[in-house]
Structure formats: structure tokens, C-alpha cells
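The values are calculated or read from the model by the stated rules, or taken from the named source; none is laboratory data. Here the structure is a predicted model, which is why all the values come from computation and not from measurement. Neighbour counts run over all protein chains shown; Cβ positions are idealised from the backbone, glycine included.
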Amino acid sequence: MIDLKLGDCVEVMKTIEENSIDLTVTSPPYDNLRTYNGNNDLWNENVWKNTIKELYRVTKDGGVVVWVVGDATIKGSETGTSFKQALWSMECGFNLHDTMIFEKKNPIPQNHNRYEQKFEYMFVFSKGKPNTFNPIKIPTKMFKHEYSWDNVSDFGKKSSKRNRKEKSRVKKYKNSFNIFNYAVGTSKITNSAPFPEKLASDHIISWSNEGDTVLDPFMGSGTTGKMAKELNRNFIGIELDLEYLDIAKIRIANTTKD
């Protein structure tokens with residue numbers, strides 16, 4: 001099921017059934033750092049607060065919201081809007097399950113009197129304990145290395161029930177770190193900089209299963225929708241701008257499932 005809707009995300013989300021969304025992967029306009037055909041003037045604190053409130057309402061118990069966001073620098077100071085949004089999400093009832101980093105492999109130099117900006121936040125909000133976690137795995141350096149728990153410093157001095165002489169081997173893979181690295185670039189379709197497709201797919205894989213419903217209330221050119229369709233998820237996308245909606249429709253329609 002693919003359902004693409006035109007309109008204001010807060011108003012459109014009011015039509016979505018309560019407790020029906022398994023996962024949201026989205027990137028709001030944040031501090032007017034990106035332009036969307038003049039629609040940035042419609043973005044303000046009242047909008048993002050109401051957006052997050054509606055996200056909490058439509059998210060299933062155990063569902064997750066991945067909120068990719070950054071801050072503008074105004075008069076020499078970062079706004080801190082991203083942190084305000086994270087704290088507001090907690091006020092609305094979400095857990096701040098993880099504060100992840102989207103590290104850009106090829107950031108654009110800004111030439112400020114500060115270190116170059118190389119990352120954005122990926123806040124992972126959950127409505128209670130996440131129902132799903134399919135972690136991205138990375139190889140371990142010490143695969144097959146054998147150790148005994150007797151040699152693991154300070155591990156379980158009071159609570160561990162392990163046999164102190166028990167031998168264990170390092171597994172071949174471990175969970176990835178919470179800093180994800182991606183190359184970024186300008187979209188030839190929109191002349192904008194949507195987040196990487198792999199960012200969307202990594203989070204969709206991590207926090208949902210096939211047949212689940214994924215939402216993006218700031219759909220833009222449809223990156224989340226494209227990857228949701230490829231990964232056999234249902235998708236609901238909301239977009240305020242008709243031009244971007246038309247682009248998303250074409251991208252998603254031309255996407256084939258795995």
C-alpha cells in the first residue's frame with residue numbers, strides 16, 4: 001500500500017488512525033536551512049510542536065520515529081532547535097531511545113570561524129520499548145579470539161552468574177555504532193540535498209519489518225517512500241508542495257520491490 005497525500009502534515013495526520021504507524025523516518029525543514037519553494041515561512045515552533053504531538057498519536061505502542069535534524073547558526077550561536085524538539089518529544093510521551101549521528105563523508109565547507117560542520121542528529125524516539133530492532137551489523141576485529149570472563153575487568157562483580165572460568169569467543173559481527181556515515185550530494189531531480197537513500201533504508205530495516213507501515217510527514221522528493229517500497233513496507237507520505245509531490249509520485253512509481 002502506497003498512499004501519497006498533498007497538504008499540511010498536521011492536518012493530514014489528523015485523518016490517520018490512532019496507533020496505526022509502525023515507523024516514521026523524516027527530516028523536517030529545520031531552521032529554514034533548506035528552501036522548499038517558499039514554503040519555509042510556514043514552518044515555526046507551533047508547527048513542529050503540533051507535528052510531534054500528532055506523530056505520538058498515530059504511532060503504535062512500540063513504534064519508532066526517526067527525526068533527522070540540524071540547527072542554523074544565527075549571530076554566532078547555534079539555535080538549539082533540535083534539542084528543543086527532542087525535549088518536546090519526551091514531553092509528548094516519547095522515549096528518547098537513541099541520539100544518533102548522521103556523519104557526512106563529504107560535507108560542504110562553510111568557512112565559518114569554527115570547525116566545519118560534518119553531522120546532523122538522528123533522534124530515535126520510541127513509544128515505549130521498540131517492538132522491532134534488526135540491527136545493522138559490522139565485522140569484529142577480534143573474530144574467534146578466545147577469552148575467559150575471569151579476565152574481563154570489573155564485569156559482573158556483584159550480579160554476574162557466569163562461570164568465571166567459562167571460555168567465550170568473539171563473534172564475527174557486532175551491532176553497528178550509532179554514528180552512520182553517508183556521502184551526500186545534490187539531487188539532479190530537485191536541485192536540493194535530500195538525505196541519502198541508504199540512511200532511509202538502514203533505519204527502515206532497523207526499526208520495522210516487511211508489511212509494516214512507514215510514514216514520512218515531510219516527504220519531499222520521496223526518498224523514504226522509495227526505500228519503503230523497495231523493502232516491502234507500506235508507506236504513507238505527506239507533502240505540502242505539489243511540485244515535490246509529483247516528483248515523489250514518479251520516483252516511487254518507478255521503484256520495484258526486492
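I'd like the residue in the range 53-86 that is under 21 Å from Pro194 (Cα atoms) and either part of a loop (DSSP other than H, G, I, E, B) or acidic (Asp, Glu) (or both) and, out of all such residues, is modelled with the lowest pLDDT. Top of the filtered list is Ala72.
Residue check: Phe102 meets all listed conditions (1) at pLDDT below 90; (2) in contact with an Asp or Glu (Cβ under 7 Å, 6 or more places away or on another chain) but one, namely (1).
Do you know which residues across the range 59-74 are within 24 Å of Asn131 (Cα to Cα) and out of contact with any helix residue (DSSP H, G or I) (no Cβ under 6 Å at 6 or more places or on another chain)? Residues satisfying the conditions are Thr59, Lys60, Asp61, Gly62, Gly63, Trp67, Val68. Residues of the range 198-209 that are touching a strand residue (DSSP E or B) at 6+ places or on another chain (Cβ under 8 Å), outside any loop (DSSP other than H, G, I, E, B) and not hydrophobic (A, V, I, L, M, F, W, C): Lys198, Asp202, His203.
Kindly establish whether Lys198 is over 13 Å from the mean Cα position of the chain (by Cα), basic (Lys, Arg) and either at pLDDT 95 or above or surrounded by fewer than 17 Cβ atoms within 10 Å (Cβ to Cβ) (or both). Criteria not met by Lys198. Taking the conditions (1) under 23 Å from Met227 (Cα atoms); (2) surrounded by fewer than 22 Cβ atoms within 10 Å (Cβ to Cβ); (3) at pLDDT 90 or above in turn, Asn50 satisfies each one other than (1). In the range 72-80, is there at least one residue being of a type outside the set (Gly, Ala, Ser), more than 19 Å from Glu45 (Cβ to Cβ), surrounded by 14 or more Cβ atoms within 10 Å (Cβ to Cβ) and touching a residue at least 40 places away in the same chain (Cβ under 8 Å)? No; the residues of the range 72-80 include none that is of a type outside the set (Gly, Ala, Ser), more than 19 Å from Glu45 (Cβ to Cβ), surrounded by 14 or more Cβ atoms within 10 Å (Cβ to Cβ) and touching a residue at least 40 places away in the same chain (Cβ under 8 Å).
Of the residues contained in the range 160-180, one or more are found to be surrounded by 14 or more Cβ atoms within 10 Å (Cβ to Cβ), closer than 30 Å to Ile247 by Cα and either touching a Leu at 6+ places or on another chain (Cβ under 8 Å) or at pLDDT 80 or above (or both).
Looking only at residues in the range 210-248 that are assigned to a helix (DSSP H, G or I) and small (Gly, Ala, Ser), which one is surrounded by the fewest Cβ atoms within 10 Å (Cβ to Cβ)?
Taking the range 210-248 first, the residues assigned to a helix (DSSP H, G or I) are 223-230, 242-248.
So of that shortlist, the ones also small (Gly, Ala, Ser) come out as 225, 228, 248.
Working: Gly225: 29, Ala228: 29, Ala248: 25.
The selected residue is Ala248.
Across the range 205-237, what is the number of residues that are at pLDDT 95 or above, in contact with a helix residue (DSSP H, G or I) (Cβ under 6 Å, 6 or more places away or on another chain) and of a type in the set (Val, Ile, Thr)? Within the range 205-237, residues that are at pLDDT 95 or above, in contact with a helix residue (DSSP H, G or I) (Cβ under 6 Å, 6 or more places away or on another chain) and of a type in the set (Val, Ile, Thr) number 2.
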